[in-house]
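One structure is given below, encoded as structure tokens.
The values are calculated or read from the model by the stated rules, or taken from the named source; none is laboratory data. Computed from a predicted structure; not experimentally measured. FYI the Cβ positions are ideal-geometry reconstructions off the backbone, even for glycines, and counts take in every protein chain you see. Please note that ligands, DNA and RNA were not included when accessible areas were found on the heavy atoms of the full protein model with its side chains. Shrake-Rupley method; radii C 1.70, N 1.55, O 1.52, S 1.80 Å.
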Amino acid sequence: MKSTYIKTEKAPNPFWAIRDAQMRNIANQSRFTQKEQVTAERMKQGLSMVYSHKGIFINYREKFIAIKVNNPTIKDRKNLRLLEADYVAQGITKKESAQGIIYQVKKA
């Protein structure tokens, strides 16, 4: 799976950045169907099996769902390749940053 690198900087005040993200997440979750939400949860479970990480977070944004793997280390390359091949077939994109890897599921 091809990935693009995004240059993001750490928030100056992480507490308020987390609070803001939580509020936007709650507000945007209703924009997505139950099927799209279940897809994000399944991705979270699958990614937790192939990566060692400090956390996996689902963020509902206006036009897509972002699944972020925080500080990942690959622990199962073979199954990661299979998962990512499936994600490519579904139109899911991958972006990397200094904080982690973000998979984006576009809204149907």
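Say a site is exposed when it is one of the GluC sites (Glu not before Pro), sits in a DSSP loop, and has at most 14 other Cβ atoms within 10 Å; what is then the longest site-free stretch of the chain?
Maximal segment without exposed cleavage sites: 10-61.
Skip the ligands, DNA and RNA, and give the accessible area per residue of the chain with a 1.4 Å probe, whole Å².
Normalised by residue count, the accessible surface of the chain is 69 Å².
With no solvent and one equal point scatterer placed on each C-alpha of the chain, evaluate the Debye formula and give log10 I(q)/I(0) for q = 0.11, 0.12, 0.18, 0.23 Å⁻¹, two decimals.
Computed log10 I(q)/I(0) values: -0.34, -0.41, -0.94, -1.45.
Express the carbon and sulfur contribution to the solvent-accessible surface of the chain as a percent, rounded to the nearest whole number, probe 1.4 angstrom.
Answer for the chain is 54 percent, counting heavy atoms of protein chains only.
Along its three principal axes, how long is the range 1-44 when you only count alpha carbons? Whole Å, largest extent first please.
Extents along the principal axes: 35, 31, 16 Å.
Among 15-24, 98-107, how do they line up by average Cβ neighbours within 10 Å per residue, starting with the highest?
The densest-packed peptide leads the list: 98-107, 15-24.
Using a Gaussian network for the chain with springs between C-alpha atoms less than 10 Å apart, which of these wobbles most: Ile74, Ile92, Ile58?
Ile74
Using a Gaussian network model of the chain with C-alpha springs under 10 Å, which one of Lys94, Lys68, Lys78 is most mobile by mean-square fluctuation?
Maximum among the listed residues: Lys78.
Note the full-extension length gain between Trp16 and Gln29 as 0.36 nm times their separation in residues minus their Cα-Cα distance, in nm to one decimal.
Length gained between Trp16 and Gln29: 2.7 nm.
If a/c stays under 1.5 just call it rounded; otherwise compare a/b with b/c (prolate if a/b is bigger, oblate if not). Do that for the range 66-105, with a ≥ b ≥ c from the square roots of the Cα gyration tensor eigenvalues.
Oblate, since a/c reaches 1.5 and b/c is not below a/b.
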